[in-house]
Amino acid sequence: GGEFDYAKYQNKINQVINNSDASLHSLASHKLINGNSFKDHMTEALSEGSYEDLGITKEQAESMDPNGGKITPEDAVVITKAIMSDEKLLKETLSDYYTKIAENNYNAQAGNNNKKNNTQDNEDEFN
C-alpha cells in the first residue's frame, strides 16, 4: 500500500541503466513494453506534442523550424535519434521512462486493490 516511492524506484532503475553490462541500445530499441519500445513511444509522443512541451518557446521553434513550430513525424524521428546518440541524455530519459512505467503499473495495481476493497466493503454492508 501507500504512495509510489518514485525516488526509490528510479534509483533501482538507474542501477540497471548504469550497469556496465546494460545495453542502452537494447533498453531503448527492443519492444519490451506492450509490444513497443522506448524509441517507438518517444517518437509517437513527440509527434503528438509541440516544441513548447519540450520547453522551447513558440518564437524559438518558429525561428528554427520551417514547419511553423509543429513537430512533424520526421522531426520526431530526428529528435529521437539525437536522444539515442547522446548517452547521458539517453540514460536520463530511459530512467524517467521506465520509472514512469513502474509508477503507472503500481498505481494501476493499487487502483485494482482499492476497487476490490470497496466492493468487499459494500458487500459487507448488505450482509
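The values are calculated or read from the model by the stated rules, or taken from the named source; none is laboratory data. The structure presented is a predicted model; accordingly, all values stated were derived computationally and were not measured. Note that each Cβ is placed from the backbone with ideal geometry, even for glycine, and that neighbours are counted across all protein chains shown. All accessible areas refer to the heavy atoms of the entire protein, side chains included, with ligands and DNA or RNA removed. Shrake-Rupley method; radii C 1.70, N 1.55, O 1.52, S 1.80 Å.
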Could you list, in sequence order, all residues of segment 1-28 that are part of a helix (DSSP H, G or I), of a type in the set (Gly, Ala, Ser) and in contact (Cβ under 8 Å) with a residue 24 or more places away in the chain? Ala28
Of (1) open to solvent by less than 60 Å² (accessible area, probe 1.4 Å); (2) under 18 Å from the mean Cα position of the chain (by Cα); (3) farther than 26 Å from Phe4 by Cβ, Ser37 satisfies all except one. Which? (3)
For residues in segment 1-22 being hydroxyl-bearing (Ser, Thr, Tyr) and in contact with a Ser or Thr (Cβ under 9 Å, 6 or more places away or on another chain), which is surrounded by the most Cβ atoms within 10 Å (Cβ to Cβ)? Tyr9
Pair list, Cβ under 7 Å, 6 or more apart: segment 44-58 residue modelled with pLDDT of 85 or more, other residue open to solvent by 60 Å² or more (accessible area, probe 1.4 Å): Ser47/Pro73
